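Working notes, beginning with the structure itself.
The values are calculated or read from the model by the stated rules, or taken from the named source; none is laboratory data. Since the structure is predicted, the reported quantities are computational estimates derived from the model, not experimental observations. Positions of Cβ are backbone-derived with ideal geometry, glycine not excepted, and every protein chain shown enters the neighbour counts.
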Amino acid sequence: MTEISSSFIQILANANNVVVLTGAGVSAESGIKTFRDPDGLWARFNPAELASPKGFMSNPELVWEWYQHRREIVHESKPNPGHYAIAELETLVPYFTLITQNVDRLHQQAGSKIVYELHGNIIENHCFRCGKPYIGEVAFADKTLPKCPECGGKIRPSVVWFGEMLPEDAIRESEKATNHCDVFFSVGTSTEVYPAASLPYHAKKMGAYVVEINPNDTSFSSQANLKIKEPSGQAMPEIIRLLKEYKKGNQ
Ligand code: BJW
Ligand code: ZN
């Protein structure tokens with residue numbers, strides 16, 4: 001077990017602004033597959049075919065079916081101790097920002113209040129042609145791709161595919177919070193996908209104390225002030241426990 005040093009807990013206890021960036025690893029312990037791990041989604045599926053506008057245009061039914069399947073898995077999943085610990089951290093620091101690349105809404109289910117979803121979400125849909133939200137009911141078993149009632153365009157999940165812009169407000173607020181934070185957590189992300197991956201580097205450059213929580217090394221690891229090589233479902237609850245203990249002893 002990686003030691004979570006008392007000096008780090010002291011830094012966290014004195015921090016005014018804390019930012020947490022999460023990736024697929026945080027939901028791995030909820031049974032949702034990551035993308036780039038050896039058994040991840042991209043080991044079996046081609047991202048260009050399934051997670052790009054070009055892929056959707058060339059085979060919309062295949063893409064829709066893949067997302068229907070993944071929705072079912074998300075629907076059956078529950079937040080894990082990592083999600084709950086991140087939600088609790090929000091209540092223990094003066095200013096807190098949660099930024100996620102995850103599309104599963106498990107942070108919200110765990111009680112996180114404001115979540116900047118950089119890559120959208122898998123729950124909602126919108127029209128590929130006119131962009132209007134699609135509010136029609138979509139049953140998981142339904143393999144037929146719905147059509148937009150406004151323009152007849154094809155309906156797609158409201159996730160962000162490769163080559164697409166991230167939601168403007170989410171990226172703006174994420175960059176703003178990253179600029180001003182004292183402690184930045186990069187949890188369960190490979191830091192391979194931009195612009196999300198640039199946030200930990202940016203936090204470091206701006207003088208924040210950057211903590212990476214990931215059982216594996218990433219391209220960012222060598223830059224982290226602290227690397228906790230553990231699953232987030234173990235490390236995050238332990239950090240909360242130590243933070244509460246520290247605060248109790250320093251009242
Ligand atoms: C655990 C754990 C446990 C396991 N506890 N940890 C060069 C520079 C800059 C940008 C680019 C560039 N070349 C191309 C680009 C653009 C591109 C990009 O970054 N590509 C890279 C692959 C190179 N980016 C984009 O296209 C983005 N848009 C954009 O840039 O717009 C402007 C623009 C447009 C056109 C041209 C140029 C610029 C959009 C990115 C959209 C990403 N979408 C996806 C799919 C979402 C929908 C869906 O779910 O299907 O988002 S891809 C996929 O990767 C998903 C994730 O959110 C994202 C990040 O993955 P994440 O979360 O890090 O997961 P993994 O699997 O990679 O890592 C999991 C980690 O967890 C691992 O490290 C494990 O060790 C760890 N782990 N168990 C803690 N229990
Ligand atoms: Zn439409």
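Some notes on this structure:
- From K205, K154, K176, residue being in contact with a helix residue (DSSP H, G or I) (Cβ under 8 Å, 6 or more places away or on another chain) and at pLDDT 95 or above: K154
- Restricted to strands (runs of 3 or more DSSP E) entirely inside region 132-251, those with at least 1 residues that are out of contact with any His (no Cβ under 6 Å at 6 or more places or on another chain) and of a type in the set (S, T, N, Q) are 183-187.
- Within region 108-155, the set of residues being aromatic (F, W, Y) and within 15 Å of ligand 1 (Cβ to nearest atom) comprises Y116, F128.
- Residue in region 89-99 that is of a type outside the set (A, V, I, L, M) and without any contact (Cβ under 8 Å) to a residue 12 or more places away in the chain present: yes
- Here A196, A177, A208 are screened, and the one residue that is surrounded by 21 or more Cβ atoms within 10 Å (Cβ to Cβ), more than 26 Å from I122 (Cα to Cα) and of a type outside the set (V, I, T) is A208.
- When region 15-48 is filtered for residues that are under 17 Å from M236 (Cα atoms) and among the β-branched types (V, I, T), the ones remaining, listed by number, are V18, V19, V20, T22, V26.
Conditions tested, residue by residue: (1) buried (at least 16 other Cβ atoms within 10 Å of the Cβ); (2) among the β-branched types (V, I, T).
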| site | (1), (2) |
| --- | --- |
| T218 | yes, yes |
| Q223 | yes, no |
| K229 | no, no |
| E238 | yes, no |
| L242 | yes, no |
| E245 | no, no |
| G249 | no, no |
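- From the options K78, K33, residue that is surrounded by 14 or more Cβ atoms within 10 Å (Cβ to Cβ), among the basic types (K, R) and outside any helix (DSSP H, G or I): K33
- Among residues of region 126-148 that are surrounded by 18 or more Cβ atoms within 10 Å (Cβ to Cβ), none has a Cβ under 6 angstrom from a residue that is assigned to a strand (DSSP E or B) and at pLDDT below 85 at a sequence gap of 6+ or on a separate chain.
- Unique residue being farther than 30 Å from H180 by Cα, of a type in the set (A, V, I, L, M, F, W, C) and crowded, with 16+ Cβ neighbours inside 10 Å when the list is V26, V63, V93, V18: V63
- Among the residues of region 142-199, the one identified as touching a Lys or Arg at 6+ places or on another chain (Cβ under 6 Å) and away from ligand 2 (no atom under 16 Å from the Cβ) is S190.
- Scanning region 135-150 for residues that are within 20 Å of Q108 (Cβ to Cβ) and in contact with a Pro (Cβ under 7 Å, 6 or more places away or on another chain) yields a single hit, V138.
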